[in-house]
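The values are calculated or read from the model by the stated rules, or taken from the named source; none is laboratory data. None of these values were measured; they are calculated from a predicted model. No Cβ is skipped: glycine too gets one built from the backbone with ideal geometry, and neighbour counts run over all protein chains shown. Ligands, DNA and RNA are excluded from the accessible area calculation, which covers all protein heavy atoms including side chains. Shrake-Rupley method; radii C 1.70, N 1.55, O 1.52, S 1.80 Å.
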Amino acid sequence: MPAAAGDHFRVAFAEGDTGAFDQGELLGVPLSPTIWQFVNCEEEVPILYGPRREGKTVGGIAAITRHRERLRSTGALKAAIVRDTWMNLQRTVMETMREGHVRGWWDVEFREGGTEAWINGIEGTHVWFFGMDRPADANKFQSFEAGLVSIEEPAPAADLASGVPVDVFGMAISSLSQANVPPRLQIIMNPPDEEHWTLEVAAFLEEKDRPDFRVATFWIPPGENPHLQAGYRERMRIGFEAANRQDLIARLVEGRVSTVAMGEAVTPEFSDLHIFKDD
């Protein structure tokens, strides 16, 4: 069974300390400093960027349980978790939920054939899962009411064929209407290509500067997760180098926005090192 409400999220870092972490430093869920800030932020649209295997999915689930603690009333938080396909939801988010249940980070019960789940009991969070990779899929939010929506990996990892479309973001905002619940639409992702809609949405919301519709962005520095298997990042870099995908090295290894490189390179010897950096 999970720890008592609030135990997962007590501040355990010394003031100003953003160094290494382990399970003993944060009671319950082991969160890195950047993910800790994301989990505890109260902006309406928090966006978490980071390289692969830096604990983003764990942070997303932790943020859901943390948001439940903000409710001033009894009853469950209603939440939706969205990814491009149902299969990707099963092998990423749902699998992380199961692993966290085994580790005692939270209590999870899947229902309705795995399409729904309860986190920390019926007074905790009722979660619905949606696979959405086409604009028309945004219609799945019709008549849906929630206090939180979590969009996972809206930018495709290796090509432009999938991902979550911007229409889903718009419809998700329209679904944040649960009574007495502060709205939260969180986005959790690897850094996208430089033309992805998430960057445009963040810039748009910052320009609007509305006190009731704030955006906050968090960038996980590469290597902040010390629990990753030794040599994983180096092997990932070598693999993408062998595939001549410098764009994926930038996005998935180094945690940077990059231009997606599709097809055979006309000038394979070209790289960012050849771009003039001064004004």
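Here are the numbers for the structure shown:
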| quantity | calculated |
| --- | --- |
| Val168 being in contact (Cβ under 8 Å) with a residue 12 or more places away in the chain and not in a loop (DSSP other than H, G, I, E, B) | yes |
| Test: residue in segment 158-167 that is over 21 Å from Ile35 (Cα atoms), more than 18 Å from the chain's Cα centre (by Cα) and among the hydroxyl-bearing types (Ser, Thr, Tyr) | no |
| Segment 179-188, residues that are within 23 Å of Ile35 (Cβ to Cβ), in a loop (DSSP other than H, G, I, E, B) and aliphatic (A, V, I, L, M) | Val181 |
| Whichever residue in segment 95-116 is of a type in the set (Val, Ile, Thr) and more than 16 Å from Ile188 (Cβ to Cβ) and, among such residues, is surrounded by the fewest Cβ atoms within 10 Å (Cβ to Cβ) | Val102 |
| Counted residues, segment 235-279 - those being modelled with pLDDT of 75 or more, open to solvent by 80 Å² or more (accessible area, probe 1.4 Å) and within 18 Å of Glu195 (Cβ to Cβ) | 2 |
| The one condition in (1) open to solvent by 40 Å² or more (accessible area, probe 1.4 Å); (2) in a loop (DSSP other than H, G, I, E, B) that Pro191 fails to fulfil | (1) |
| Members of segment 133-168 found to be among the hydrophobic types (A, V, I, L, M, F, W, C), open to solvent by 20 Å² or more (accessible area, probe 1.4 Å) and under 25 Å from Glu42 (Cα atoms), listed by number | Phe144, Val166 |
| Residues satisfying the stated conditions in segment 204-234, i.e. surrounded by 12 or more Cβ atoms within 10 Å (Cβ to Cβ), at pLDDT 85 or above and outside any strand (DSSP E or B) | Leu205, Glu206, Phe213, Arg214, Ile220, Pro221, Pro222, Glu224 |
| Matching option when the condition is part of a helix (DSSP H, G or I), charged (D, E, K, R) and farther than 17 Å from Val181 by Cβ, among Arg98, Arg68 | Arg98 |
| Output for segment 71-94, where each listed residue is out of contact with any Asp or Glu (no Cβ under 7 Å at 6 or more places or on another chain), in a helix (DSSP H, G or I) and open to solvent by less than 10 Å² (accessible area, probe 1.4 Å) | Leu89, Met94 |
